[in-house]
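Single-structure report; data block below.
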Amino acid sequence: TIGREQWRDLAWAGAVEMIRAGFTTVNDLWYAPDLLAEACAASGLRAQIANKVFDVALDRLALDDYTHHRAIGEARLREGVEFAERWHGREGGRIQARLGPHASDTCSAQLHRQLRAEADRLRVGLHIHTAQSPREVAEVRRTQGRGPLEYLRDLGVLAPDVVVAHLTFATDADLDAVAATGTRYAHTPTIYPRRGWYPRFAEIVGRGIATGFATDWMQNDPFEMMRNAVNALRLTAGDAAALGCREALWYATAGAARIMGLQDEIGTLAAGKRADLVVVDLDRPHLQPFYGDYAALVFYARADDVVASVIDGRLVMEDRRVVTVDEAEIHRALCRHRPSWQQRLVELGAQLPPT
């Protein structure tokens with residue numbers, strides 16, 4: 001079991017990773033949302049954060065044990081609501097809260113309804129990962145007789161303030177439910193090649209579903225994210241024009257802002273919006289000669305090409321150094337935890353090389 005000290009140090013490391021990679025905003029489900037919020041607030045990141053809510057024993061899902069435990073759900077829901085009440089709107093609105101049902105199959109119908117009701121009361125949105133695995137879809141179809149997005153629609157969960165991630169195994173009826181309710185879609189192209197499955201992106205966008213790019217928990221490199229999307233969609237379509245680099249950059253910036261409901265504040269550089277921007281060092285061998293096209297960034301840039309970041313008008317990284325935190329101390333803290341994490345991996349069956 002990971003303790004709060006470890007969650008705290010992981011949160012700080014994550015905040016630094018995002019800033020150094022060129023992200024200005026995160027939308028995350030987490031086990032210790034207050035610790036993540038503290039790290040984002042201090043480091044300068046913009047964030048929408050939710051407590052991960054479920055009422056099953058997650059370590060039992062691999063055994064197809066979907067027993068719903070009311071006490072687990074009530075505790076996770078209470079923690080999520082208390083977090084939202086404390087943090088939503090802090091730091092001049094830079095830190096916002098959502099409620100986070102883990103997935104369609106890991107919350108009972110009652111818990112889904114409670115989350116929707118609390119989100120309405122608190123005037124915050126929801127963040128759900130759904131239709132992401134065959135097991136999830138099979139369980140919802142077995143118990144509810146329909147797809148996971150149809151199920152959430154019929155519960156009254158889906159709405160324009162809901163971000164759903166993945167939709168990998170969504171049926172036509174599921175996608176119609178997303179489109180009809182104005183629900184917004186986070187597409188995470190870096191993780192799909194690892195899993196071997198890819199969502200029907202063109203059909204999702206074709207239905208008018210608001211879409212933006214995200215990373216999930218994989219390598220947090222926005223350029224790698226865009227490259228994965230462009231490459232995968234061109235390969236699956238057999239068409240080199242299936243997704244253009246300019247489009248990919250739009251989905252990673254303006255599109256991502258839109259799915260979080262922040263399109264009037266961030267996502268583009270425009271008068272009246274918040275000053276969020278990053279600076280990319282073009283004077284690097286792999287970016288030269290730089291020919292000024294979108295493809296030059298999408299196909300060749302990397303996270304470590306980002307040299308400066310301004311979030312909400314505040315300089316948070318300069319000359320590749322995050323100026324708002326002590327990066328060396330964060331690294332030392334992670335090193336202190338490494339032996340216990342390695343031991344836990346061994347206990348779970350990992351074979352680690354000798355040190």
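The values are calculated or read from the model by the stated rules, or taken from the named source; none is laboratory data. Given the structure is predicted, the values throughout are model-derived calculations rather than measurements. In this analysis, Cβ positions are derived from the backbone assuming ideal geometry, glycine residues included, and neighbour counts consider all displayed protein chains. Side chains are part of the model used for accessible areas, which takes the heavy atoms of the whole protein and leaves out ligands, DNA and RNA. Shrake-Rupley method; radii C 1.70, N 1.55, O 1.52, S 1.80 Å.
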- line: The FRET efficiency for His69 and Glu17, from their Cβ-Cβ distance with R0 = 25 Å and rounded to 0.05, is 0.15
message: Taking loop as defined by DSSP and a crowding limit of 16 other beta carbons within 10 Å, which chymotrypsin sites (Phe, Trp or Tyr not before Pro) in region 186-284 fit?
response: Trp197, Trp217
task: Enter the mean projected area of the convex hull around the alpha-carbon atoms of the chain, in nm², rounded to one decimal.
output: 18.9
- prompt: For the chain, which span is the longest to avoid every loop-located (per DSSP) member of trypsin sites (Lys or Arg not before Pro) having at most 14 other Cβ atoms inside 10 Å?
  reply: 124-319
- prompt: Averaged over all directions, how much area does the convex hull of the C-alpha atoms of region 236-355 cover when projected, in nm²?
  reply: 12.8
field: 13 Å beta-carbon shell around Arg141, net charge (K/R +1, D/E -1)
entry: -2
- request: Give me the accessible area per residue for region 121-206, probe 1.4 Å, as a whole number in Å².
  value: 38
message: Can you give the FRET efficiency to the nearest 0.05 for Ala237 and His337, using r as the Cβ-Cβ distance and R₀ = 56 Å?
response: 0.80
statement: 1/(1 + (r/R0)^6) with r = Cβ-Cβ of Asp326 and Tyr300, R0 = 25 Å, i.e. FRET efficiency to nearest 0.05, evaluates to 0.20
statement: In the chain the accessible area split gives carbon plus sulfur, as whole percent at 1.4 Å, a share of 51
field: Arg60 versus Arg141: modelled label distance in nm, points set 7 Å from Cα along the beta carbon direction
entry: 2.5
Positive minus negative residues near Arg207 (Lys, Arg vs Asp, Glu; Cβ under 12 Å): -3
